[in-house]
Amino acid sequence: MKFTRNTTPLKTAKSWAIGTLAIATLGIAVSGCRKSFLDETPRVQTPDDYFNATSNAAQELVTAVYSKLYDWQQHGFSWLGMTSIASDEGDKGSDPGDTGTDKDQLDKLSWSPTSISFGEVWESNFEGIARANKAVDLLPTLDINAGLRDRLMGEARFLRAYFYWNLVRSFGGVPLIPKVPKTAAEIEALNYRATADQVYDFIDADLEFAATVLPASYLSDQAGRVTSGAAKALLAKSSLYRKRYGKAESLCAEIMASGTYSLLAEYDKLFREVGEFSSESIWEINCKGSAPAKAIEGYFVVQAPRGAGGLGWGFNTPTQTLINAFEAGDVRKAATFFSRGDVLWDGYVCNNAAPNAHYNYKSYVSKTMESWGKDDWFANKNMRVLRYADILLIHAEAANENGKTADAIKSLNLIRNRAGLPNTTATTQAEIRDAIWKERFVEFAMEHDRVFDLRRQGRAGDVMRAHGKTYIDGVHDLYPIPQRQIDLSGGKMTQNPGY
């Protein structure tokens, strides 16, 4: 399956679906226009005309939603800043004088509501929601096989849940847009600041639906489409964040018993091309494609070494805190970062005079030993979003909170043993909890979860202050709502505390 990004239906879905507050605000302005203007018959082809006249319309609608995953604003520089650089796992990197627009602010926790990263991530995820809403709105009206319709609805609703998942973890309560608003009254009635619980409820409902209609797997030429396993896995993760430990444990146990997934024996192969869509992969963003080139824009080049003989910009470099967290003998250490002077697995030698001491190995793409892609900007590195290792550690954490320490230890040790480490020595519930949290740090290092893990665990302040950052409890627990969105809402949206 080739998920193209520049098709006519993609543009149509984007331009007609209302997802950002900017568009919603324009809709409110329209409410003051005369009725005859609102009722005027369109003189051009409408999106509904297009989708009803195109035989592949249903597929194109959902392809447009997937296509959003590749955008620079979605998983590129700003996302790296908000998920790694703002935590204790990643430094800004690059040259000292290169701020990366606002990545120096994210590194120092000195950000503001006008920092560019927040605006980009906000707008991109709401654009994704808009596309998903358009698909959910139109799919029931198209003349297609019922089974295909259900599957595509499941994919669209999963992706909508994923976009909201990114938003609620970052900003807390956000505008809740459950469908495409079609009238000024519907726009006016939108909930411009739903609570976090309301957003999570919406996410969970989408995931529960997706889990019932999506297949367990696809043919290899459709790798990257979401499955029922992916829906259950994200639902388990959402349940963990909400401290619904019984549900999280049950979902993980179901996934574990299915036999669909298993840990890849060689951790260092997980993040190479040979490890894509492995037995451990529950969902990863498929960046393989050549017509047109398909990749997460800039994901590789932003993080590759800078300087003479370098490959990229050199941002988001592993911290000494992260490096020190690995135990002796942990095979994940050598697979997570590389250093000045190191010879990498494909023979590339990192410059001894590189500006930074260490670089992210998980984002590295070989120009000589892998398929590479179109160029630096479109280096076709798949992004791993959900791995079986996550299910094991969610199960361990939930089981431990449910008082099932033996079950928790068993799942925890599967992760440790794969890393070449002995069984945990933790025995009490508190010790096991700390051991699981430590394991999450090193297992998923540089995989965009750390800042959110610390926040949900209620220890972000303690950890970040120990890391040397000035973390303000009750303020830095959420990112600020982008000021532009508050302005566009006409005061309907409120700012997070402390900003």
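A quick yes/no check of all residues on (1) among the aliphatic types (A, V, I, L, M); (2) on the phi < 0 side of the Ramachandran plot; (3) at pLDDT 95 or above:
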site: 282; (1), (2), (3): yes, yes, yes
site: 292; (1), (2), (3): no, yes, no
site: 298; (1), (2), (3): no, no, yes
site: 309; (1), (2), (3): no, no, no
site: 330; (1), (2), (3): no, yes, yes
site: 358; (1), (2), (3): no, yes, yes
site: 379; (1), (2), (3): yes, yes, no
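Take residue 408 and decide whether it is over 30 Å from residue 287 (Cα atoms) and either of a type outside the set (S, T, N, Q) or touching a Gly at 6+ places or on another chain (Cβ under 9 Å) (or both).
Yes: the conditions hold for residue 408.
Restricting the search to segment 305-333, which residues are charged (D, E, K, R), under 30 Å from residue 417 (Cα atoms) and assigned to a loop (DSSP other than H, G, I, E, B)?
Scanning segment 305-333 gives 327, 330.
Please specify each residue of segment 257-293 satisfying the condition of being over 18 Å from residue 379 (Cβ atoms), part of a strand (DSSP E or B) and among the hydroxyl-bearing types (Ser, Thr, Tyr).
The answer is 281, and nothing else.
If I ask for residues that are in contact (Cβ under 8 Å) with a residue 60 or more places away in the chain and either more than 21 Å from residue 374 (Cβ to Cβ) or out of contact with any helix residue (DSSP H, G or I) (no Cβ under 8 Å at 6 or more places or on another chain) (or both), which ones from segment 291-314 would you list?
Scanning segment 291-314 gives 291, 292, 293, 300, 301, 304, 306, 314.
Determine which single condition residue 379 fails, assuming it passes every other condition in (1) out of contact with any helix residue (DSSP H, G or I) (no Cβ under 8 Å at 6 or more places or on another chain); (2) more than 21 Å from residue 442 (Cα to Cα); (3) buried (at least 21 other Cβ atoms within 10 Å of the Cβ).
All conditions are met except number (1).
Name the single residue that is modelled with the lowest pLDDT among those in segment 311-328 being among the aliphatic types (A, V, I, L, M) and crowded, with 20+ Cβ neighbours inside 10 Å.
The selected residue is 311.
Every residue in segment 471-490 that is within 21 Å of the chain's Cα centre (by Cα) and either farther than 14 Å from residue 174 by Cβ or among the basic types (Lys, Arg) (or both), please.
476, 477
If you take the residues in segment 84-126 that are in contact with a strand residue (DSSP E or B) (Cβ under 8 Å, 6 or more places away or on another chain) and basic (Lys, Arg), which one is surrounded by the fewest Cβ atoms within 10 Å (Cβ to Cβ)?
Per the criteria, the residue is 92.
I'd like the residue in segment 447-499 that is small (Gly, Ala, Ser) and modelled with pLDDT of 95 or more and, out of all such residues, is surrounded by the most Cβ atoms within 10 Å (Cβ to Cβ).
Here the answer is 460.
Could you grab the pairs with beta carbons closer than 6 Å, sequence gap of 6+ or different chains, first residue in segment 412-429 and crowded, with 19+ Cβ neighbours inside 10 Å and part of a loop (DSSP other than H, G, I, E, B), second one of a type in the set (Gly, Ala, Ser) and modelled with pLDDT of 95 or more?
That search, which allows pairs on different chains as well, returns 424/435; 426/435.
Out of the residues in segment 206-229 that are assigned to a helix (DSSP H, G or I) and exposed (fewer than 14 other Cβ atoms within 10 Å of the Cβ), which is modelled with the highest pLDDT?
212
Which residue, of 149, 157, is modelled with pLDDT of 95 or more, closer than 15 Å to residue 132 by Cα, in contact with a helix residue (DSSP H, G or I) (Cβ under 7 Å, 6 or more places away or on another chain) and buried (at least 18 other Cβ atoms within 10 Å of the Cβ)?
Going through 149, 157 in turn, just one is modelled with pLDDT of 95 or more, closer than 15 Å to residue 132 by Cα, in contact with a helix residue (DSSP H, G or I) (Cβ under 7 Å, 6 or more places away or on another chain) and buried (at least 18 other Cβ atoms within 10 Å of the Cβ): 157.
From the list 288, 243, which one is in contact (Cβ under 8 Å) with a residue 40 or more places away in the chain and over 28 Å from residue 68 (Cα atoms)?
243
Residue 401 versus (1) under 21 Å from residue 318 (Cα atoms); (2) of a type outside the set (Val, Ile, Thr); (3) modelled with pLDDT of 95 or more; (4) surrounded by fewer than 23 Cβ atoms within 10 Å (Cβ to Cβ): which is the lone unmet condition?
So residue 401 meets the others, but not (1).
Could you please give the count of residues in segment 171-187 that are surrounded by 14 or more Cβ atoms within 10 Å (Cβ to Cβ) and assigned to a helix (DSSP H, G or I)?
So the answer is 4.
Any idea which of (1) over 26 Å from residue 86 (Cα atoms); (2) assigned to a helix (DSSP H, G or I); (3) not hydroxyl-bearing (Ser, Thr, Tyr) is the one residue 301 doesn't satisfy?
Among (1) over 26 Å from residue 86 (Cα atoms); (2) assigned to a helix (DSSP H, G or I); (3) not hydroxyl-bearing (Ser, Thr, Tyr), the lone unmet condition for residue 301 is (1).
The values are calculated or read from the model by the stated rules, or taken from the named source; none is laboratory data. Remember, predicted model here, so these are calculated numbers, not experimental data. Please note: Cβ atoms are built from the backbone with ideal geometry, for glycine as well, and neighbour counts cover all protein chains shown.
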